[in-house]
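Below: one structure, written as C-alpha cells.
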Amino acid sequence: MKLVVGLGNPGPEYDFSPHNLGFAVVDRLAERGAVRVTRPQAHSLCARCRLGEEEVWLVKPQTYMNRSGIAVREWLDRQDCGPQDLIIIADDLDLPWGQIRIRPKGSAGGHHGLESVMEAIGSQQFTRVRMGVQPEREVEDPVRYLLSPVGRARRAPTRTFIERAAEAVEMIVAVGTPQAMNVFNRKEPPLETASQPLEREA
C-alpha cells in the first residue's frame with residue numbers, strides 16, 4: 001500500500017498558496033479517482049482510492065506544515081508501511097516556478113515540513129515530488145509569499161502545474177520512481193504565475 005502525502009496547512013486562508021500545493025495535488029488525485037479527501041484519521045484528512053492498478057491512501061496532514069511528521073509517522077505505523085511506501089508532495093522555494101523534481105531520497109533542503117517528516121520517521125529514504133515555487137524576482141517576505149493565495153488571474157497556469165504533478169505521482173505509483181524521474185525531471189518552460197508577492201484578490 002502506497003501512502004501519497006501532500007504537505008500544507010489546514011484552513012481556507014491557505015487555499016491556493018504556494019505552500020499548499022501538496023494539498024492541491026492530493027485533491028486533484030482524489031478527483032481523478034472519484035473520491036474526496038474528507039475522512040479524518042491519524043491527524044489527517046484522507047481517502048482511499050485506486051491510481052491505475054494500485055490502491056493508495058491519499059493523505060493531507062492537519063498538524064500544520066512544521067509538524068507534518070506526526071501524522072506521517074502515525075500513518076506508517078497504522079498501515080505497517082515503511083519509508084519506501086511513502087510519496088511526499090511539497091513545494092520548493094529554490095526550484096523555478098512550474099518545475100517538478102522527483103527524488104528517491106535526500107535532504108530536506110530547508111523545507112520545514114520535510115524536516116519534520118525525516119525527524120519523525122528517522123529516514124530520508126522516501127520519494128518526494130518537489131514543486132518549484134521560486135518567484136522570478138526577489139520578495140521581501142518569503143513566508144508571506146509562500147502563505148498568500150495566488151491571484152485569480154494566475155490560477156489557470158497553476159492548475160496546469162498541479163495537474164502535471166498529479167500525473168507525476170500516478171506514474172511513480174504505476175511504474176516506479178526512476179522511470180518517473182526520466183519523464184518529469186526535465187526543464188520545463190516557466191509558467192505564467194506569481195513572479196510578484198502573491199496577494200489575495202476579491
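The numbers here are math on the coordinates, done by the rules we state, and not lab data. Just so it is clear, the structure is predicted and the values come from calculations on it, not from any experiment. Glycine also receives a Cβ, built like all others from the backbone with ideal geometry; neighbour counts cover every protein chain displayed.
Side notes on the structure shown:
- From the coordinates shown, percent of Cα pairs over 30 Å apart corresponds to which of [x] 39; [y] 13; [z] 31: [y]
- Dipole magnitude for the chain: about 300 debye, using +1 per Lys or Arg Cβ and -1 per Asp or Glu Cβ, origin at the Cα centre.
- Taking the longest Cα principal axis of the chain as reference, the axis of helix 21-32 is set at about 60 degrees.
- With Cα atoms, 0 to 90° folded angle of helix 112-121 axis to the chain main axis: 10
- If both residues of a DSSP beta bridge must be in segment 68-199, then about 35% of such bridges are antiparallel.
- Prolate/oblate/rounded label for segment 39-113 (Cα gyration tensor, a/c 1.5): prolate
- Candidates 29, 86, 76: whichever shows maximal mean-square fluctuation once the chain is modelled as a Gaussian network with Cα springs under 10 Å: 76
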